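Structure first, commentary second.
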Amino acid sequence: MNDEDLSFHRRIFYDALWSRVRALPLEEAVLEVNRWCHEQASYQAQDERTASPLTVYRNACGRCGEESAFLVSALRSVGVPARQVYVPRWSHCDDNHAWVEVLCGEQWRFLGACEPEPVLDRGWFNAAASRAVLVHSRTFGKGTSPIHGPLVSYMDGVALYNQTGRYAAVSERVFYVTRGGLPASGAAITLQILNEAHFHPVARLIAGPDGAARLDLGAGDLWVSASLDGLEAEGLCPREEHQFTLELTADTSSDCWSAFDFRAPDAAPPLPPLGEVLKTARHQVLAHGDALRQAKMNGWYRGDDPILKAARGNWEEIAHFLGKDNNPLRRRLLEALSPKDLQDITAESLEGFLSTAAPYENLYPAKLFDSCLLCPRVAHEGLTLENKSPAVARVAELRARGIPARLRALDGAPEVWRDGAFHGPEGERWGTLRLSKPPNTALSYRLDWSLARRKGGGWQPLDPAPTWEGKTCTLPLPAGLYRLTTSARLPSGDQLAAEIEVKIVPTETVFLPLFLREITLENLLYRRALPPIPAEDCPDVLAALVRPTLLFWLEEGGEPTEHILNELSAAPDCPPAAFFLRGGASLAQPTLAALLTRNSQIQVFYDDWAYDLEAISRLLGTDPERPPLAVVWDGKGRAVYAASGYSVGSVVLLKRILRQIECQ
């Protein structure tokens, strides 16, 4: 479907599903397969490597790209045509999302993977998808059937097809490239979205004989770049411009900050709410699936060994490897792996990695040996004895020869241990970038700012692991051209951004103050009176709260709620908050229970959850069908901000607004 690890799973899924779906009409069979997937797995944040559908099934968890590949595999195993669809990057919030389409007759219908709804074409992401600039599907090899949809691009054996019009209002956008005023036929055009404070490519096009490329897209701003024969051009294409022209030049760099607004598409009106019968049925399906999945997980390792716990459904394979002999390198090897690695690696592969590294144990310090020789993990490749990319293959080859090696965290360049230190590419020379920021300003990398290096006609995002000392940050960097981007996202999803290009030369230091666009309170807020909110043993929750507070209506166990709880858990300080839950049984949800144990600032109330959620959502202009609902309450009877669903960085924004309200 995408870049997931391959597995032999169809017979397993067929045997589990066929008796459940064989007599059902097609649409009901699709819904039933998704119910089964929910019984087997739920959302859990994972690293970038995409696990196989069989791993998701055995370990009862996956991120959205893994869940969707799991559902597609399950549907295909019982003869239902299905595909993964993907928003490469959202425009209105950071990150991306994937879900599933099924072919019912001659029409594609959609659903959220492992998130069963009572009907098709409904998911927590409906409103988000209506704000997408691009939604695509893919095939391996160029499909010729019109059922695939309009072709976006075909590169390296992968075809991408445009599905945006099924979810969002689209219009044709035409991108012209000229050279000396004439059409630049064959120019490479890259469409990019500002996401995580970096311009992420979402589509790559080739200009035709008229110097133009055309694509139906959602109504959001785009950053467009073009190149041909060493000439380049780039710029912001506003969402209202349906024809945009770039003139190729020899030099596009600028050494001054350039400020710009990056606007997201508007959301479509929310769907009508489900009727009470369907709501009740949905709740019962979710509760039943949660119970079955938990029962499966209860059959895993129940002891105290953290490695076997982390291995989840793969614990017996790991126990087999550990128990073969008393070699202490066995546990050290497992401790060097990620939890995801423990969940799908085989004992046979572990034996191979152990035997390759063991002869070099006494040649290097233990920490170096464990991380750069014993550990087979180089980047996010599949953990087999064969590796893929040249950089990963190079590191793996060096480790197999007993030479400690790794990929540099900054940019993924191979580094080799020599003379007591790691060394990068030969002949590389370094300079320094020293940044400064306003005092008392907390910044998050890939949320508020990012750094990229010019490489191969594009920009490579970097991971410099910045550490601020007071208001300065010093970054040693290889000589070259860099782009620094800042972004401040508004509740509307729009961004106040700026970018600058900086040249780093060997042995010299460049001093650069960060340009951070200012967000005013009025950019963020409104003030709307809230009605009394009754709860069990409390006739009016708002009257009982004595200070500005974050209010959350939580659908515990749902993917968007899990994201909110994870962000609250990761925050160094928890703000005053009130959680509205369906009942005391909700406290058994592990993520929620762990958060409440650590934070006394959170009050819990039980109320008529569905009724109040819908009433408050409609009052504040949010979608009642997209829990959780988060509201910033000013302590004086008014909501000043509300959001339904989830966007990356939601909790950071909520806390920022709350602090401003408290200071007024």
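Worth pointing out:
- Placing +1 on each Lys and Arg Cβ and -1 on each Asp and Glu Cβ, with no other charges, gives the chain a dipole about its Cα centre of roughly 540 debye.
- Ordering of 11-22, 200-211, 54-65 by packing is 54-65, 200-211, 11-22, highest average first (other Cβ atoms within 10 Å, averaged per residue).
- Alpha-carbon spread of the stretch 563-664, three principal axes, descending order, Å: 33, 32, 26
- Debye intensity ratio I(q)/I(0), log10, the stretch 430-520, q values 0.11, 0.13 Å⁻¹ (C-alpha model): -0.31, -0.44
- Our summary gives the chain a relative contact order of 10 percent, counting only alpha carbon pairs under 8 angstrom and 6 or more residues apart.
- Scaling the Cα radius of gyration of the chain by the globular reference 2.2 N^0.38 Å produces a ratio of 1.01.
- The packing ranking, built from the mean of other Cβ atoms within 10 Å per residue, places the peptides 24-37, 85-98, 322-335 in the order 85-98, 24-37, 322-335, highest first.
- Per-residue 3J(HN,Hα) values for the stretch 393-408, derived from phi via the Karplus relation 6.51 cos²θ - 1.76 cosθ + 1.60 with θ = phi - 60°, read 4, 5, 5, 4, 4, 4, 4, 5, 8, x, 10, x, 8, 7, 8, 5 Hz in sequence order (x marks Gly and Pro).
- Its relative contact order, with pairs defined as Cα atoms under 8 Å and 6+ residues apart, puts the stretch 10-164 at 19 percent.
- The HN-Hα couplings worked out from phi for the stretch 642-657 by the Karplus form 6.51 cos²θ - 1.76 cosθ + 1.60 (θ = phi - 60°) are 8, 8, 10, x, 9, 10, 4, x, 4, 5, 4, 5, 4, 5, 5, 5 Hz, whole numbers, x standing for Gly and Pro.
- Charge dipole of the stretch 10-164 about the Cα centre (unit charges at C-beta), most positive-ward option of MET155, TRP108, CYS93: MET155
- Estimated distance in nm for a label pair at ALA544 and LEU596, the labels positioned 7 Å out from Cα along Cα-to-Cβ: 1.3
- Separation between Cα centres of the stretch 1-65 and the stretch 409-442, rounded to whole Å: 42
- Whole-Hz ³J(HN,Hα) from phi, Karplus 6.51 cos²θ - 1.76 cosθ + 1.60, for the stretch 10-21, glycine and proline x: 5, 5, 4, 5, 4, 4, 6, 10, 4, 5, 7, 10
- Around LEU595: net Lys/Arg minus Asp/Glu count, Cβ-Cβ under 14 Å: -3
- In a reduced charge model with +1 at each Lys and Arg Cβ and -1 at each Asp and Glu Cβ, the stretch 170-255 shows a dipole moment near 260 debye about its Cα centre.
- For CYS237, distant residues with modelled amide H under 5 Å away: LEU222, TRP223, VAL224
- For ALA535, residues with placed amide H under 5 Å, excluding near neighbours: ASP540, VAL541
- Given charges at beta-carbon only (K, R positive; D, E negative), |dipole| of the stretch 430-520 in Debye: 160
- Mean separation of Cα contacts under 8 Å (6+ apart) over length of the stretch 106-216, as relative contact order %: 21
- Protection proxy ranking of 130-136, 237-243, 310-316, 400-406 - average other beta-carbon atoms within 10 Å, highest first: 130-136, 310-316, 400-406, 237-243
- Residues SER68, SER258, ranked from the fewest to the most other C-beta atoms within 10 Å, line up as SER258, SER68.
- Given LYS309/LYS367; LYS437/LYS503; LYS471/LYS655; LYS296/LYS340; LYS324/LYS367; LYS340/LYS437, the pairs whose alpha carbons are separated by over 28 Å: LYS340/LYS437
- Placed amide H near ASN195: partners under 5 Å, 5+ positions off or other chain: HIS200
- Taking LYS340, LYS636 and counting other C-beta atoms within 10 Å, the order from fewest to most: LYS636, LYS340
- With the convex hull drawn around the C-alpha atoms of the stretch 10-164, the volume per residue stands at 119 Å³.
- Using the Cβ of PHE605 as centre and a radius below 9 Å, the other residues enclosed give a net charge of -3, where K and R count +1 and D and E count -1.
- The stretch 574-600-the stretch 331-355 distance, computed between alpha-carbon centres (Å): 35
- With Cα atoms defining each centre, the stretch 453-495 and the stretch 128-187 are spaced 29 Å apart in the structure.
- Think of the chain as a dipole: +1 on every Lys or Arg Cβ, -1 on every Asp or Glu Cβ, centred on the Cα centre; then among ALA60, ILE189, ALA132, ALA60 lies furthest on the positive end.
Laboratory data are not the source of any read-out in this text; all were calculated from the coordinates shown. These numbers come from a predicted model, not from an experiment. Note: ideal-geometry Cβ built from the backbone for every residue, glycine included; neighbour counts use all protein chains shown.
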